[in-house]
Each structure stands twice: as C-alpha cells, then as structure tokens.
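K.L.:
Got a structure for you, written out below as structure tokens; questions coming shortly.
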Amino acid sequence: MSQYYNQDFTKEEISSVLQKIQECVSNGKYTVAQNENRAENVAFIREYNLTSEKRRQILMQIGVEDFCHSLQNVNYGFEHEILYVFCSQITLFNFGDEERILDLYTKFNIIDLPTGSRVVVISFHERNKPIDYLFR
C-alpha cells in the first residue's frame, strides 16, 4: 500500500465519516464529479445509465466495511483536504441488459462550510487497481 494512504482509523471514526457523507447525500448536498478530468466517472455513469436517483441509492448503500483508506488531496490549493476511499460490491445492468457484479471505487471529499457540509464524489467508477480494506 502507498505511503500516502492512511488506515489509522477505528470503526467508530469511519462510521462517523460515512454518516456525514450519507447525510449530505440524503439531503442532496453532494455532487458526482463529471468534468473533463473525470472521464472514467462519466463513462461508468453512461455505461450503466445511472440516473441521479440510482447514484444516490448506490452511495447510500456503502458500509463501514467498504472503507479502504484516506489520503491527503495533492492538488495545489487543496492540500488541507482529506479524501476518503471506499470500495463496495454492487450489481448493475449495462445497456445490453447484462447483469454485472462489480467493485465500485468511490473517493469522497467532505467540504465543511459555515452553511453546512457538502460532499464531492471525486471518483465513482469500477475499481481499476488493487485495494486493501481496513475492516475486512
């Protein structure tokens, strides 16, 4: 595992992080990044025709046991941010109506503002590299 990945968390700490993420998702205070730097997210969403409601449902099903690690944001000006990575197993149907069970790689940025928290789902795509789970 990379030296930049942090797995120094208790189940209770990750449960609290996940609760905050899912409260934001439940309240519509989140976005799944789909800009030019997130082509993998866009392709995944298109391949499985994932409406915003379906994406919300998927995010709400992530569990504490799906947690992998956190890492510092390395983008200039955002070095103070901590990103949280989860990988959950889900079942989806593609446009050919083929059922697929796959590992969904999600990376979250929790942004605390004076008006409340928001979540940016930076990564939302099929896992494309090996991962280590903290609680499995």
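The values are calculated or read from the model by the stated rules, or taken from the named source; none is laboratory data. Owing to the predicted nature of the structure, the values given are computational and were not obtained by experimental measurement. When we count neighbours, we look across all protein chains shown, and the Cβ atoms used for this are built from the backbone with ideal geometry, even at glycine.
K.L.:
With the condition being without any contact (Cβ under 8 Å) to a residue 60 or more places away in the chain and more than 18 Å from Phe135 (Cα to Cα), I'd like the strands (runs of 3 or more DSSP E) fully within segment 1-100 carrying at least 3 qualifying residues.
P.N.:
Once the strands (runs of 3 or more DSSP E) in segment 1-100 are filtered for at least 3 residues that are without any contact (Cβ under 8 Å) to a residue 60 or more places away in the chain and more than 18 Å from Phe135 (Cα to Cα), what remains is 82-93.
K.L.:
So, one more: Could you please find all residues in segment 24-48 being within 21 Å of Arg100 (Cβ to Cβ) and in contact with a Leu (Cβ under 9 Å, 6 or more places away or on another chain)?
P.N.:
Val32, Phe44, Glu47, Tyr48
K.L.:
Hey, another quick one. Please name all residue pairs, on different chains or six or more residues apart, with Cβ atoms under 6 Å, provided the first residue is in segment 102-130 and is more than 13 Å from Tyr30 (Cα to Cα) and the second residue is assigned to a loop (DSSP other than H, G, I, E, B) and basic (Lys, Arg).
P.N.:
Taking only residues 6 or more apart or on different chains, the pairs are Asp103/Arg127; Tyr105/Arg127.
So that you can scan it fast, the table gives a plain yes or no per residue for (1) of a type in the set (Gly, Ala, Ser); (2) modelled with pLDDT under 95; (3) surrounded by 18 or more Cβ atoms within 10 Å (Cβ to Cβ); (4) more than 21 Å from Phe9 (Cβ to Cβ):
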{"position": "Glu53", "(1), (2), (3), (4)": "no, no, no, yes"}
{"position": "Asp66", "(1), (2), (3), (4)": "no, no, yes, no"}
{"position": "His69", "(1), (2), (3), (4)": "no, no, yes, no"}
{"position": "Pro114", "(1), (2), (3), (4)": "no, yes, no, yes"}
{"position": "Ser117", "(1), (2), (3), (4)": "yes, yes, no, no"}
{"position": "Val120", "(1), (2), (3), (4)": "no, no, no, no"}
{"position": "Arg127", "(1), (2), (3), (4)": "no, no, no, no"}
{"position": "Leu134", "(1), (2), (3), (4)": "no, no, yes, no"}
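K.L.:
Here is a further query. Could you count how many residues in segment 85-110 are among the hydroxyl-bearing types (Ser, Thr, Tyr) and under 11 Å from Val121 (Cβ atoms)?
P.N.:
Total satisfying the criteria: 2.
K.L.:
While we're here: At pLDDT below 95, touching a Leu at 6+ places or on another chain (Cβ under 8 Å) and within 18 Å of Asn6 (Cα to Cα): does that describe Ile82?
P.N.:
yes
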